[in-house]
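Enquirer: So that we are looking at the same thing, I have put the structure below in structure tokens.
Readers should treat all values here as calculations from the given coordinates under stated rules, not as data from a laboratory. Model, not experiment: these values are computed from the prediction. We place every Cβ from the backbone using ideal geometry, glycine too, and count neighbours over all the protein chains shown.
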Amino acid sequence: MTSTSGKEPVALLLGNYRPSLTLARDLQRKGYRVVVSSHGCERGCQYSRAVSDIWDHAPLEATPDRFAQELQMFHKDNPNLAVIFPVAEEYVRLIAEHENSFEGLPPIATVDAATVRKCLDKPYMMQLSHSCDVPTAPFSTSSNTEQFYSAMETVGFPLIVRPSDSTKRIDGAKALFLNSAAEAEQAFKDFSLGYQDLLLQQKFEGVRHNVYFAAHDGVVKRCLHAVIDRTDSPDGTGLAVEGRTLPAGHPLVDQTCSLVRALGYTGIGCAQFLFDEVTEQSSFLEINPRIAGNHALPEFAGLELGTFMLDLALGRKPGAGSEQGRAGIRYCWTSGDLMGAKVSYLRGEVSLRETVTWIIRALSVGFRSDVHMVFSVSDPAPALHALWDVVPRLARWKRPVISPRQNTITNHTSGKSL
């Protein structure tokens, strides 16, 4: 892509994945010409009627100055560029950590850099939760071998291990559950845990809850409370694929307000918790200082979080929006649900019978839900392409040609190849 044509104001969305679709559809209705960056984990925006073009840029692993220069060039080629929305977390983090590199550009619709850095610093947020009397499970940090074993002893078993940097993964997973010293020892060897910045936290049994919010000067103005009934991983980690909204009068909403007040937060975000429905105990997880992955849900509920962030970026007073989203809304992400079943089966995490049950539930939930994270009646192509990616092509299931020697080696090799 080189430049956009016409006189419409241009909105550039950084991150090609599902919340960008919801944001693009909203911005198109407001009269914007929407361009989306090509980098993203789901890559469905190129099929959307709401997206005019895709902007390709160098990988973010290159220097921040390189990306800033490419943004400046995009602005030069597109003088009608009115606003830049960092959607994916890696863009939010990059701009927050190198804000001076992005001076002179049109308004960037993001939470201020200092708040972003605090929210993405997991140990800092754990300490902040303690100071605000917001419950969180015992935790410790680790960046080398000695610290890992010390933290393990401090926290105790069972525990959960996550990267301190929320944009990173451990062998593709957001977290590891470890139930014993033996499991920890094996994981330490398998995933080189002594060479990563990690957060070790005592495992807390509970259901994941999200509180989507918009705030100004530390005061929550709009919020929606949702529970995650299932994720795309059989162990409950991963991304939400099914859930429902709850009444706003809940202790987790009050806890969110306390954290937002302590941060002096202005902008939109999503606070995440674990909640034990039997004991009514909770454990704070994190605040994502950006548009949430399930952005379609609060927008369907009337919160207009995208508009709230747009108004802040353009120096306007945020317009009217629902102060509290209604309870009882059922949501789903069908393509993510089906992909979760497929990947879990191929990894040997679920049996064939469990996979079939999973698929039947995903399809049933898809028909019963009030809102889908990708599908739109007026813009169906992204969802259809996402579903097509789940379908196993025959070419992917062809047996490779194996020589007699390779066959001998394979027959004597234990373990699974994924």
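Enquirer: How do GLU354, GLU89 line up, fewest other C-beta atoms within 10 Å first?
Expert: Starting with the residue having the fewest Cβ neighbours, the order is GLU354, GLU89.
Enquirer: Please name which of CYS270, PRO135, ILE54 has its Cα lying farthest along the dipole of the chain towards the positive end, using unit charges on Cβ (Lys, Arg +1; Asp, Glu -1) and the Cα centre as origin.
Expert: Positive-most Cα among the choices belongs to ILE54.
Enquirer: 5 Å is the cut-off here: which amide hydrogens, built 1.01 Å from N in the peptide plane, fall below it relative to VAL241, excluding neighbours closer than 5 in sequence?
Expert: Residues meeting the criterion, in which the H sits 1.01 Å from N, are ARG230, THR231, ASP232.
Enquirer: Let me ask something else. Averaging over all projection directions, find the projected area of the Cα convex hull of the chain and quote it in nm² with one decimal place.
Expert: That works out to 22.7 nm², a quarter of the Cα hull's surface.
Enquirer: List, in the order given, every pair from LYS76/LYS118; LYS203/LYS342; LYS30/LYS118; LYS7/LYS30; LYS7/LYS76 whose Cα-Cα distance in the structure shown is over 21 Å.
Expert: Too far apart for the 21 Å limit: LYS76/LYS118; LYS203/LYS342; LYS30/LYS118.
Enquirer: Further question on the same structure: Sort 281-288, 182-189, 362-369 for me by packing, meaning the mean count of neighbouring Cβ atoms within 10 Å per residue, highest on top.
Expert: 281-288, 362-369, 182-189
Enquirer: Stick to the Cα atoms of region 258-358, pair each with every other, and give me the Kirkwood hydrodynamic radius in Å at one decimal.
Expert: One over the average 1/r among Cα pairs gives 16.9 Å for region 258-358.
Enquirer: Taking square-rooted eigenvalues a ≥ b ≥ c of the alpha carbon gyration tensor, is region 138-202 rounded, prolate or oblate, where a/c under 1.5 means rounded and, failing that, a/b exceeding b/c means prolate?
Expert: rounded
Enquirer: Continuing with the same structure: Using the per-residue mean of other Cβ atoms lying within 10 Å as a proxy for protection, in what order, highest first, do the peptides 71-78, 256-263 fall?
Expert: Packing proxy ranking, top to bottom: 256-263, 71-78.
Enquirer: With the dipole of region 144-233 worked out from charges on the C-beta (+1 for Lys and Arg, -1 for Asp and Glu) around the Cα centre, which of THR231, PHE213, GLN186 lies farthest toward the positive end?
Expert: Towards the positive end, the residue furthest out is PHE213.
Enquirer: Could you compute the net charge surrounding THR110? Neighbours are other residues with a C-beta less than 15 Å from the C-beta of THR110; K and R count +1, D and E count -1.
Expert: -3
Enquirer: Based on other C-beta atoms within 10 Å, arrange HIS385, HIS130, HIS372 from fewest to most.
Expert: In order of increasing Cβ crowding within 10 Å: HIS130, HIS385, HIS372.
Enquirer: If you don't mind, there's one more thing I want to ask. Please pull out the direction-averaged projected area of region 334-392, using the convex hull of its alpha-carbon atoms, in nm² to one decimal place.
Expert: Taking the Cα atoms of region 334-392, their convex hull projects to 4.0 nm² on average.
Enquirer: Rg (Å, one decimal) plus Dmax (Å, integer) for the alpha carbons of region 102-231?
Expert: 17.2, 54
Enquirer: With +1 on each Lys and Arg Cβ and -1 on each Asp and Glu Cβ, how big is the dipole of region 207-326 about its Cα centre, in debye rounded to the nearest 20?
Expert: Dipole about the Cα centre, nearest 20: 460 debye.
Enquirer: Would you kindly derive the ³J(HN,Hα) couplings of region 377-390 from the backbone phi angles with the Karplus curve 6.51 cos²θ - 1.76 cosθ + 1.60 (θ = phi - 60°), listing them in order in whole Hz, with x for Gly and Pro?
Expert: Listing the rounded values in order: 4, 7, 8, x, 4, x, 5, 5, 5, 5, 5, 5, 5, 7 Hz.
Enquirer: Taking R0 as 35 Å, what FRET efficiency do you get between ASP121 and GLU280 from their Cβ-Cβ distance, rounded to the nearest 0.05?
Expert: With R0 = 35 Å, the Cβ-Cβ based efficiency is 0.75.
Enquirer: Shifting gears a bit: Where nothing but the Cβ of Lys and Arg (+1) and of Asp and Glu (-1) is charged, how large is the charge dipole of region 230-283 around its Cα centre, in debye to the nearest 20?
Expert: It works out to roughly 260 debye.
Enquirer: Moving to a separate point now. Taking the Cα centre of region 105-190 as the origin, how large is its charge dipole in debye, to the nearest 20, when only Lys and Arg (+1) and Asp and Glu (-1) carry charge on their Cβ atoms?
Expert: The dipole magnitude comes to about 300 debye.
Enquirer: Using θ = phi - 60° and the Karplus form 6.51 cos²θ - 1.76 cosθ + 1.60, what ³J(HN,Hα) does each residue of region 287-297 get, whole Hz, x for Gly and Pro?
Expert: Calculated HN-Hα couplings, in order: 10, 8, x, 6, 5, 6, x, 9, 4, 4, 5 Hz.
Enquirer: Using the charge dipole of region 247-324 (Lys, Arg: +1 at Cβ; Asp, Glu: -1 at Cβ; taken about the Cα centre), state which of GLY249, MET309, LEU259 has its Cα farthest towards the positive end.
Expert: It is MET309.
Enquirer: If you don't mind, another one. Hey, can you grab everything whose amide H is under 5 Å from the amide H of LEU13? Only 5+ residues off in sequence or another chain; H modelled, so Pro and N-termini drop out.
Expert: VAL35, VAL36, SER37, PHE85
Enquirer: Moving on. Karplus couplings for region 355-369 from phi (6.51 cos²θ - 1.76 cosθ + 1.60, θ = phi - 60°), rounded to Hz, Gly and Pro as x?
Expert: So the J values, rounded to whole Hz, are 5, 4, 4, 4, 5, 4, 5, 4, 5, 4, 4, x, 6, 8, 6.
Enquirer: Starting from 0 in steps of 5 Å, tell me what percent of the Cα-Cα pairs of region 10-110 lands in each bin.
Expert: Distribution as computed: 2, 14, 27, 27, 19, 9, 2, 0 percent.
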